[in-house]
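Heads up: the structure comes next, in structure tokens.
The values are calculated or read from the model by the stated rules, or taken from the named source; none is laboratory data. A quick note: this is a predicted structure, and the numbers were derived from the prediction, not measured. Using ideal geometry, Cβ is built from the backbone for each residue, glycine included, and neighbour counts are taken over all protein chains shown.
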Amino acid sequence: MRAEKILMETKISDILRERLEGQNLSKIARELGISKSLLADWVAARRLPSLKNIKAVAKLAAYLGISLEQLLLGKEDDRKIISAVTFEDEKRSYRVHIERLK
């Protein structure tokens, strides 16, 4: 069981490090409704997302343009983000993805 947990932490961390490189973790964490330290712990593989944070994890997967399953289990899907843009309107942030489906 411990080996599976380490593998899952590593997969999630690898995906997050690759996709969040150079981005502002504070801003992303604020958009997700979690602390920057929690997001940083997920990126560094110090902690795994818990069920308590599943809504934030789902939002993070959407932000990254991947499925929740791909983020948590490392499973590939056919989607490929071509472009993504984030914009703000009053107190809300929006992220739009353009993806190639196949």
Exercise for the section: Tell me which residues, restricted to region 27-74, are in contact with a strand residue (DSSP E or B) (Cβ under 7 Å, 6 or more places away or on another chain) and not hydroxyl-bearing (S, T, Y). Expected result: E31, G65
Completion exercise
Scanning region 40-90 for residues that are modelled with pLDDT under 80 and farther than 16 Å from D14 by Cβ gives D77, D78, R79, K80, I81, I82, S83, A84, V85, T86, F87
